[in-house]
Amino acid sequence: MRHFSSVQGCTAFCGRGLVRADDGGVIVWGSLWRSAPPSHDGRIEWVDAGKGLAIALVVLFHSARWFAGVAGDVSGWLWINDLLATMRMPLFFTLAGLFAAKWATVPLAQLWNAKLRLFVWVFLLWELLGLGPYLIGQAAHGIEINPRREIFDTAISPLIPRFELWFIWALALFFLLNRALRAVPTAVTLSTAALVSVIGFTGILPLPSPSWTGVCKYYVFFLIGMTWRRALFAYAARSGWILRSLVFVSWAAAAWAVTVFDLSGLPGLYPALACLGVLAGIAISQVLQRSAWLVGLGSRTLPVYLAHTPIVILLAAAVALVADHTVVRTAAPVLPAAAALAAIGLSLGLYRISRRTFLRFLFDPPPRLLVAHPAGPTSAAR
């Protein structure tokens, strides 16, 4: 349980006419950003609904993992999480990449101020803040704590992330990779990332942690969101309910078969299914955008991602103290879902409080970390 990871699958999604190249064959990333669909408030509701869905599934995944073994039988939720794996993180990374193109060409100082500064700050801060709850969770699961090992793991966490913060670490790395590879033709970048993803899902890569494995699996998803955004927006805007239903049912049936018959080890199958899971997630988001709560959650995924794990761990540890009680045993099947909802609500509550108090530093890096840069965007909202 040292490295809980919600990393599950993806490979490349194919299409054409989505990017423009200059005479040298170099992708003009900025043109993709300028082609974004108009939105009256700067946000796109189905995208936020999709992000809300993804973060809710991530919280549920972590909740089920931490409640397993402390309060009755939660195997049903573990199975459901396996079923949802080909949508959860693939959708999250694809949506994160939709608005990333413009950051591939800005000066490094500007990228630092707008994106990397935030990622680095919250990653390092919450690695430390999460250590106490993590140790409590380890104790609740009867796992012996090695102080020297914990200190060492914390010290090297910028290289090998602990806990569930690997997603933040991966995003920072992906933005840097995009900038470093901006002169490489998109076909080369996508095909290479797709190959790495397929290999990553075979489990044969000798990598030191699930966070590194997640980077290998999911960079291609981030690229898909960034370079194929026009196709994804067109699919979201023009697909009718028949096509959306067909895509969703196809994904659900295939995900069920892969989970039940344990076919995830077949090379290329799991990543391909994850691509279908992205399309299914977008289809669902078209319906879920009617939910103001989910859209609102999708616009505030960062504080939920950062704060939910310590909250879930503490809730699981509290339940472990009374695990033998009949009421707890009876309620065990609903505890992961209930804890997930509680963690989302408490995370958003903490975020709201932080905006009005000295706790603002929990989610915002201090201004002193800003560096001088040419005029340009500084907001990390997109």
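Remarks
- HN-Hα J in Hz across the range 172-181 - Karplus 6.51, -1.76, 1.60, θ = phi - 60°, x for Gly and Pro: 4, 5, 5, 5, 5, 4, 4, 5, 5, 9
- Folded to 0 to 90 degrees: helix 186-202 orientation relative to the chain principal axis, Cα: 20
- By the compact-protein rule of thumb, 2.2 N^0.38 Å, the alpha-carbon radius of gyration of the range 67-171 corresponds to a ratio of 1.36.
- The ranking of 189, 105, 330 from fewest to most other beta carbons within 10 Å of each one's beta carbon is 330, 105, 189.
- In degrees, nearest ten, helix 117-129 long axis to first principal axis of the chain (Cα): 10
- Counting only Cα atoms, the range 240-382 measures 53, 53, 34 Å along its principal axes, largest extent leading.
- Computed from the C-beta positions of residue 199 and residue 75 and an R0 of 41 Å, the FRET efficiency is 0.85 to the nearest 0.05.
- FRET efficiency for the pair residue 151 and residue 125, taken as 1/(1 + (r/R0)^6) with r the Cβ-Cβ distance and R0 = 22 Å, rounds to 0.80.
- Charged-residue dipole, Cβ positions (Lys, Arg, Asp, Glu), the range 46-369 about Cα centre, Debye nearest 20: 1280
- Acute angle (nearest 10 degrees) that the helix 210-227 long axis makes with the longest principal axis of the chain, alpha-carbon atoms: 40
- The modelled label-to-label distance between residue 135 and residue 322, using points 7 Å beyond Cα along the C-beta direction, is 2.7 nm.
- Summed over all non-identical Cα pairs, the Kirkwood treatment of the range 240-306 gives a radius of 13.5 Å.
- Estimated at 0.36 nm per residue, the fully extended path between residue 372 and residue 43 surpasses their Cα-Cα distance by 115.6 nm.
- Sum of -39500 (n - 2.57) over DSSP H runs of 4+, divided by residues of the chain (222 nm, nearest 500): -20500 deg cm²/dmol
- Most fluctuating residue given options 143, 204, 284, as computed from a GNM of the chain linking Cα atoms under 10 Å: 204
- Given the choices (1) 27, 54, 17, 2, 0; (2) 27, 51, 19, 3, 0; (3) 27, 61, 12, 0, P(r) over Cα pairs in 20 Å bins from 0, in percent derived from the coordinates of this structure is entry (3).
- The chymotrypsin sites (Phe, Trp or Tyr not before Pro) of the range 232-310 that meet both conditions, a loop assignment by DSSP and at most 13 other Cβ atoms within 10 Å of the site Cβ, are 261.
All of the numbers you see were taken from the coordinates with simple rules; none came from a lab. Worth saying up front: this structure is predicted, and the values here are computed from it rather than measured. All Cβ positions, glycine included, derive from the backbone under ideal geometry; neighbour counts span all protein chains shown.
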